[in-house]
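Everything on this sheet refers to the single structure shown next.
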Ligand code: F6R
């Protein structure tokens, strides 16, 4: 996501801040900005595009003299990438400057309240509400104003703040978004990630949720959200710089697998308000949703797989016929467009050439296009009629993991909302499903603890030549993704099969020791998949099964069983995918391959 770097000390602040931000570039961003306090005035400079542009504009910081400052690289969430939307944001009087990572979920309510009081907004960002709220609550004590704001905002944030009234001070606070404070004899630092400051100090305080810090040349003072002073101990960082960029993980893929609970949370929680799903921004009013006769989902690769899951979920809950197409096929197959239909284009990068072409074709034929996209301001986001953003943050590993999970979550939101409006679920069932959706991130977190078990199993299969994945319904959709993940990073040939289809041909490939991964999480289909497991085992296959804890009778028929926690059937894919992503990861690792950059693949496929 976005990056924060701040400095106060005896050196010029701007060059240090720009250097810190450059060390966060790997996280992805679309604009950058810096504010430096020279003791009289807070000077600010922002630039869309690469950090290089800001560096050139400021002559590497020389045009912004001062010993105290905050900087930011922005990855757009609310509001397109632009100079105006870049951080820092200031209040109208230019007396308070703020940088922010995270999402203020109740910003719309806060903004309209502030507007009614006469505050004027310059940007489209959620962050700007913070600058105005701080102005509203500021009575001379910055910590008190920050506290008051923290009590009123919902969502996640790491903040760096300067007040004109308090020269040579930086304030920072966090909730659900990382923030560290660094110290050395002649200076103090704030950063959203350790790599930003590792060249300057290895003595670091990790800010915990709802903590505030005030940094000056003389003091580092920590407070809780009630303004009470708290004591914290610094830790010494002994990672090397390279490991630090990956947050201590060996690969970006492993880091991103671990970020999935947060990606799901960030996609879902801003859209749930008082037990209702708020999708007002997707351009579909209730009448249109009630009248929908067909949905076409178009995408490539893993995004296509989320569409396959989306079909099962939308059809089951909202009872709308859904067709799912590979964009490369769709664009040339002369598809039939009908009135009262909706085209959904799914893409992490928002730049995939085939998906973009399919979008243009759909629009040219008069179909309304909704894009499920991760990168704000990307081509698909710009050209679609409406966008449902997934807030997974920048994904660096070529093999997608967290964006896939966030796309699934976006489909769940749509299916639930459509089902409620179309009256295809009872209010009780809606509530049960909504609760299940809220619990998903926590359940996903608990699954990550099974890592060693999966690594142990993966290590036994490093030399395998073929692997088959099988399942039924949503489990089949999940197998498509699990198989692709394995193929792309381990170079092992694998196939995903609808379990009932095996006996129509592929079962002839089963022989002694063939590895079959069987997914059986759907209660109604469980006995059917168990029968298919027996069929392949009879032909000599070795079966690793993945099921929910209550189906421990699986131990009787499969050779190895992985368990996942239970959620509502339509959402099971979000949990089952995690062990299988880890499986692919550990096989690739064990084979000594380049996990994050598999051969022949690119992160964004902008050519046909
Ligand atoms: C697989 C993977 C690809 C992408 C596909 C579409 O791990 O990442 O299959 O899903 O290239 O890319 P986007 O989602 O950017 O349109």
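List of remarks:
- To the nearest ten degrees, helix 142-152 and the longest principal axis of the Cα atoms of the chain are 30 degrees apart.
- Inter-probe distance in nm under a simple model that places probes 7 Å from Cα toward Cβ, at residue 382 and residue 59: 3.3 nm
- At R0 = 51 Å, FRET efficiency that the Cβ-Cβ distance of residue 534 and residue 340 yields, to 0.05: 0.70
- Distance from the alpha carbon centroid of segment 502-565 to that of segment 430-492 works out to 14 angstrom.
- Take every DSSP beta bridge whose two residues both sit in segment 253-445; close to 10 percent of them are antiparallel.
- Principal-axis tilt of helix 107-116 within the chain, Cα atoms, nearest 10 degrees: 40 degrees
- Chain lengthening between residue 450 and residue 228 when straightened (0.36 nm per residue, less Cα-Cα): 76.0 nm
- Judged by the mean number of other Cβ atoms found within 10 Å, the most tightly packed of the peptides 273-282, 336-345 leads the ranking 336-345, 273-282.
- The C-alpha atoms of the chain occupy a region whose extents along the principal axes are 79, 54, 45 Å, arranged from largest to smallest.
- Per the Debye calculation on segment 253-445 with a single equal scatterer at every Cα and no solvent contribution, log₁₀ I(q)/I(0) for q = 0.12 Å⁻¹ amounts to -0.53.
- Packing, as the average of other Cβ atoms within 10 Å across residues, places the peptides 50-63, 459-472 in the order 459-472, 50-63, highest first.
- The chain: angle of helix 427-448 to the longest principal axis, Cα-based, in degrees nearest 10: 80 degrees
- Simple spin-label estimate for residue 154 and residue 465 in nanometres, 7 Å along Cα-Cβ: 5.7 nm
- On full extension, the segment bounded by residue 202 and residue 136 gains 20.1 nm, given 0.36 nm per residue less the C-alpha separation.
- Of the peptides 398-410, 131-143, the ranking by mean beta-carbon count within 10 Å, highest at the top, reads 398-410, 131-143.
- Note on residue 493 and residue 329: their simple-model spin labels are 2.1 nm apart, each label 7 Å out from Cα toward Cβ.
- Rg/Rh for segment 3-245 (Cα atoms only, Rh after Kirkwood) is 0.93.
- From helices alone, the chain scores -11000 deg cm²/dmol at 222 nm; the rule is -39500 (n - 2.57) for each run of n ≥ 4 DSSP H residues, then divide by the residue total.
- Available extension along the chain between residue 290 and residue 186 is 31.0 nm, counting 0.36 nm per residue and deducting the alpha carbon span.
Only the coordinates and a few stated rules stand behind these numbers; no lab work does. These numbers come from a predicted model, not from an experiment. As a convention, Cβ positions derive from the backbone with ideal geometry for all residues, glycine included, and neighbour counts pool all protein chains shown.
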